[in-house]
Amino acid sequence: MAAFSAWFWNERFWLPHNVTWADLADPAPGVEYPKAGHLLTALPLALGIFAVRILFERFIASACARSLHIQPGAGRRAQPNAVLEKVFISITKNPDSRHLDGLSKQLDWEVRKVQRWFRHRRNQDKPSTHTKFCESMWRFTFYLGIFTYGVQFLWQTPWMWDTRHCWYGYPYQVMTRGLYVYYVTELAFYWSLMFSQFRDIKRKDFLIMFVHHLATVGLISFSYVNNMARVGSLVLFVHDTSDFLLEAAKLANYAKSQRLCDFLFILFGVVFFITRLVIYPYWVLNSTMFESWTIVGPFPSWWLFNFLLLVLQVLHIFWSYLIARIAIKAMLRGKVALWVLLSGASLSDEDCSPAPCEWTK
């Protein structure tokens with residue numbers, strides 16, 4: 001175990017040349033540098049966020065949904081039938097004509113009645129609009145809250161206005177209370193998403209999103225441990241900028257406010273393109289790749305960090321293409337409204353799109 005720990009925490013990988021862990025272990029009184037152990041705080045905080053979410057959805061979001069006449073009532077359920085239930089679970093949820101004919105003869109039902117049963121059974125598993133509204137309202141509330149905190153915190157930092165301050169004095173940069181709160185809260189939230197994914201609305205991209213949340217947690221933790229938290233806070237802020245707009249558009253859609261939904265989705269698209277295709281490469285990547293090279297110089301974890309951020313930019317381009325393609329399709333049909341996209345809890349439900357997130361959006 002000791003050999004693995006020594007290999008994993010190899011100073012030549014994590015730190016610039018001529019810097020050791022011992023140099024960071026004993027700072028001056030009142031000065032705190034990031035330590036891996038600090039991140040353990042995120043785990044109990046994630047459980048707390050998860051508990052708050054359950055209470056929020058049950059008592060606040062649910063009340064808001066009912067006030068908008070979005071009721072939690074269940075849809076029409078399929079009548080109990082052991083034979084059809086076994087086929088539905090074990091064989092197919094969408095039987096072809098051959099299966100339909102066989103089941104029709106076996107049960108002495110009309111084919112239409114068998115089709116209707118499968119349709120009701122499929123709809124039975126779909127979450128209600130009320131459930132989707134509550135989930136989106138929680139995400140909207142958190143995303144808006146963390147975005148607001150990010151604005152207030154970063155507005156007072158020198159690296160918000162001059163990104164070279166992300167690298168001056170690196171890695172001997174103090175971990176301030178405000179930066180620590182920002183980082184650990186973001187990390188805890190994405191840990192909570194991993195916990196809650198198993199009780200949330202089940203989507204087609206379940207596995208992809210699980211890996212996505214895991215990668216996000218890894219990126220946040222990685223940048224904290226090697227004290228790239230200043231530039232990391234800029235990455236978090238860029239990605240938080242559009243998340244709450246997407247969730248707001250979903251809420252408007254569930255509330256059947258189509259014009260507001262259209263406006264918010266268009267606003268989301270504009271902000272997404274500007275932040276991911278303009279601000280991120282010219283503000284963040286320019287700093288991590290060029291300013292840091294001049295001020296600090298490259299080292300192994302620097303190469304890995306920049307590689308991951310470049311992969312992130314490739315994903316930004318891909319997702320922007322998907323958003324643009326979907327928007328163009330809607331306009332060609334004579335509709336600005338993209339209600340089909342927003343009918344699920346993530347754009348990817350219907351036509352592939354960016355899942356709202358973090359570091360790997």
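Only the coordinates and a few stated rules stand behind these numbers; no lab work does. Being a predicted model, the structure only gives us computed values, none of them experimental. FYI the Cβ positions are ideal-geometry reconstructions off the backbone, even for glycines, and counts take in every protein chain you see.
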Kyte-Doolittle cut-off 0.5, length cut-off 27 Å along the helix's own axis using Cα: show which whole DSSP H helices in the chain pass. 177-196, 206-225, 229-254, 300-332
So how far apart, in nm, are the two label points at residue 270 and residue 10 if each is 7 Å from Cα heading toward Cβ? 5.0
Rg/Rh over Cα atoms for the chain, Kirkwood Rh, comes to 1.06
At q = 0.11, 0.19 1/Å the base-10 log of I(q)/I(0) from the Debye formula over the alpha-carbon atoms of segment 121-227 is -0.49, -1.09
With an 8 Å cut-off on Cα pairs and a minimum separation of 6 or more residues, tell me the relative contact order of the chain in percent. 23
Listed peptides 264-273, 175-184, 4-13, 308-317 by packing density, highest first (mean Cβ within 10 Å): 264-273, 175-184, 308-317, 4-13
Go through 126-139, 52-65 and give me the packing order, highest mean Cβ count within 10 Å leading. 126-139, 52-65
Where the centroid of each part is defined by its Cα atoms, how far is segment 17-40 from segment 259-287 in Å? 36
